[in-house]
Amino acid sequence: MADRPVAIVTGASRGIGRAIAVELASLGHDLIVNYFDLTPDGDPDDSHAQQTKKEITRLGADCEVLRGDVSKAGDRTRLLDLAKDKFGRCNMLVNNAGVAPLARLDILDATEQSFDRVLGINLKGPYFLTQQVANWMIEQKKQHPQQSFRIVNTGSISAYTSSPSRGEYCISKAGVRMMTSLYADRLAEYGIGVFEISPGIIETDMTRAVKDKYDKLIADGLTPIRRWGQPADIAKAVGAIAEGRLDFSTGTVINVDGGFHLRRL
């Protein structure tokens, strides 16, 4: 259907990104799924993205998948070109693509190479992808004032929680928080809302390596709600934004962390 809203979700082949994309499809959005998966041997892997596409199309939504690295300008442009060529519009951007350091190293030993990789994907990529999409949304808003346009960034409790063994990740997510504020401020005059979801400890591929550690911490009361977060918990929050339930709350950070942010004594 020509009047269905369209969402671009980066890092959407697995985990949180997949859950978000499927949630948006269930709410009537057509999707562009961005991913950059690799096999254990380092070859391109599209199997997870194709599975995500199946789940989305099963809900009656149209879906395009595009492999691309958001830290690279050319790949960001290709993502926008696909949206323009296939759908001619973009009502929602979800900046979800993100990586952890390849190795957890003490901040006194961490490498510049790792810093550049993590900051490039987690901060520089979404910062400039948002710039491109926002300018296109402004054009669309002028042509179709009645339509809604929204941007969501996936942040983290690491934006304010010190983890000296993965400092580059913490720095990147602290940057995403300010990026959310900056774009919310700049785009408010056009009626384009910008939001951040701040996940806590979520059960995904990224956290699998530290599962035993966090099983114990959660059981011992690290979070008031004593369970792992699930990708669906994040997706529900994005769904509320997509439905327009928070349109007067631009710049808001939504904590989806089991209460971790309460900083209890």
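Mind pulling the angle between the C-alpha long axis of helix 167-187 and the longest principal axis of the chain? Nearest 10 degrees, somewhere in 0 to 90.
Approximately 30 degrees, to the nearest ten.
Of Asn135, Asn96, Asn255, which has the largest mean-square fluctuation in a 10 Å C-alpha GNM of the chain?
So, out of Asn135, Asn96, Asn255, the one fluctuating most is Asn135.
Name the residue farthest towards the positive end of the dipole of the chain from the options Met137, Val22, Asn255, assuming +1 on Cβ of Lys and Arg, -1 on Cβ of Asp and Glu, about the Cα centre.
Asn255
With charges only on Cβ, +1 for K and R and -1 for D and E, what is the dipole size of the chain about its Cα centre, in debye, rounded to 20?
Around 520 debye, computed over the chain.
(i) 0.95; (ii) 1.07; (iii) 0.98: which one is Rg/Rh (Cα atoms, Kirkwood Rh) as calculated from this entry?
So the calculated entry is the one marked (i).
When ranked by the protection proxy of mean other Cβ atoms within 10 Å per residue, highest first, what sequence do the peptides 180-188, 194-202, 243-251 form?
Highest mean packing first, the order is 194-202, 180-188, 243-251.
Suppose only helical runs count, i.e. DSSP H with n ≥ 4. What mean residue ellipticity at 222 nm does that imply for the chain under -39500 (n - 2.57) per run, divided by all residues and rounded to the nearest 500 deg cm²/dmol?
-13000 deg cm²/dmol
Express in whole angstrom the spacing between the alpha-carbon centres of region 129-159 and region 210-228.
35 Å
Provide Lys142, Lys124, Lys53 in ascending order of the number of other Cβ atoms located within 10 Å of each residue's Cβ, fewest first.
Lys142, Lys124, Lys53
Show which lysines lie in cross-link reach of Lys54 when reach means a straight Cα distance below 26 angstrom and same-chain residues fewer than eight apart are skipped.
The reachable lysines, counting only those whose Cα sits under 26 Å from Lys54, are Lys84, Lys86, Lys236.
Looking at the chain as a GNM with Cα springs under 10 Å, which of Gly68, Gly88, Gly17 has the largest mean-square fluctuation?
Looking only at Gly68, Gly88, Gly17, the biggest GNM fluctuation is shown by Gly88.
Of Phe128, Phe87, Phe149, how do they rank once you tally other Cβ atoms within 10 Å and put the fewest first?
Lowest count first: Phe128, Phe87, Phe149.
Among Val210, Val70, Val253, which one moves the most in a GNM of the chain with springs linking Cα atoms closer than 10 Å?
Val210
Each reported figure results from applying straightforward, stated rules to the coordinates on display, with no laboratory input. Since this is a predicted model, take the numbers as computed values, not measurements. As a convention, Cβ positions derive from the backbone with ideal geometry for all residues, glycine included, and neighbour counts pool all protein chains shown.
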